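Reading through the structure tokens given below for one structure.
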Amino acid sequence: MMQSSTTPLSAHSPSGLAAVQEEIARACREARRDRASVTLIAVSKTFDAGAISPIIDAGQLVFGENRVQEAKSKWPALLQSHSGIALHLIGPLQSNKAKEAVALFDAIHSVDRPSICEALAREIKSRGKQPELFVQINTGEEPQKAGVAPQDADEFIAACREKYGLQISGLMCIPPVEQAPAPHFALCAKIAARNGLKNLSMGMSADFATAIQMGATHVRVGSAIFGTRTVPHA
Ligand SMILES: *Cc1c(COP(=O)(O)O)cnc(C)c1O
């Protein structure tokens, strides 16, 4: 079985996870980046506890979900039986779910409008818990996709900080499916750099190696680890 030289996995590591770890290590070597500068988020949406447990047992501790409700239905039990897990919300957030999201998640990748900022600021204050926050940028300016338009990004990030008092950790993007991802990753990285943001959540199963080349600090990988999803999911 292929294993990354820098991230030891258990002897019976599931093959998808091991292959992804190997590919991340290779992409880091090629980009002359420290392997520790890239966090793998295993995207477990649509998969149940039975599929998730072996991945945890193989040493993977960071997971991504795109729906608050689904995460709430399966993660509390898993969190009880396993320690050290971090959950990232990678899908759209509604303000009326901000309370549950702040309670359950360690990071939220979909901050993209004032109503969310307001709801998050309120919950963070009342719970005294601060999830890591990423502003989602709609780099392809797709009307159906969440995220702040690139030309509005600087102003929005400033408002997050100054008006809502939020600590923003980085930016997230999802390139249009039918386009080459690299220019979108580059745009996201450029907006982050000029706003003094260090973290970049970008890259999925099909393009995480490219994203690492372009500076991704968080890659969100689902099907390459868990297999093809049978339930279609946004
Ligand atoms: C589902 C999803 C992913 C993972 O997609 P794969 O192609 O299965 O790796 C990453 N990011 C977001 C926002 C997603 O919704």
*Point-to-point label distance, K198-E155, nm (Cα→Cβ direction, 7 Å offset)*: 3.0 nm
*asked:* Eigenvalues of the Cα gyration tensor times 5, then square-rooted: what semi-axes does that give for the chain, in whole angstrom, largest first?
replied: 27, 22, 16
*asked:* Taking 0.36 nm per residue of sequence separation and subtracting the Cα-Cα distance, how much length would be gained by fully extending the chain between A51 and E70, in nm to one decimal?
replied: 5.4 nm
*If you take the beta carbon distance between S37 and A121 as r and set R0 to 25 Å, what does 1/(1 + (r/R0)^6) give as a FRET efficiency, to the nearest 0.05?*
0.30
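Distance cut-off 27 Å, Cα to Cα: go down the list K72/K129; K97/K163; K72/K198 and report the pairs above it. Write out the running numbers ahead of the final one.
Details: K72/K129 18 Å; K97/K163 21 Å; K72/K198 29 Å.
Pairs exceeding the cut-off: K72/K198.
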*Taking only protein heavy atoms and a 1.4 Å probe, what accessible area per residue, in Å², does the chain have with all protein chains in place?*
46 Å²
*How big is segment 153-206 by Rg and Dmax over its Cα atoms, in Å?*
12.3, 37
*What's the carbon and sulfur percent of segment 4-226's accessible surface, probe 1.4 angstrom, rounded to a whole number?*
52 percent
*Can you pull the one-decimal nm distance between simple spin-label points at R229 and A206, each 7 Å off the Cα toward Cβ?*
1.4 nm
*Evaluate E = 1/(1 + (r/R0)^6) for S83 and Q167, where r is the Cβ-Cβ distance and R0 equals 30 Å; express this FRET efficiency to the nearest 0.05.*
0.75
_Just to confirm my understanding: which cysteines in the chain have no other cysteine beta carbon less than 4.7 Å from their beta carbon?_
C28, C117, C160
*What is the Rg over Rh value, at two decimals, for segment 104-234, using alpha-carbon atoms and the Kirkwood definition of Rh?*
0.97
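The values are calculated or read from the model by the stated rules, or taken from the named source; none is laboratory data. Here the structure is a predicted model, which is why all the values come from computation and not from measurement. Glycine gets a Cβ as well: all are built from the backbone with ideal geometry, and neighbour counts include every protein chain shown. All accessible areas refer to the heavy atoms of the entire protein, side chains included, with ligands and DNA or RNA removed. Shrake-Rupley method; radii C 1.70, N 1.55, O 1.52, S 1.80 Å.
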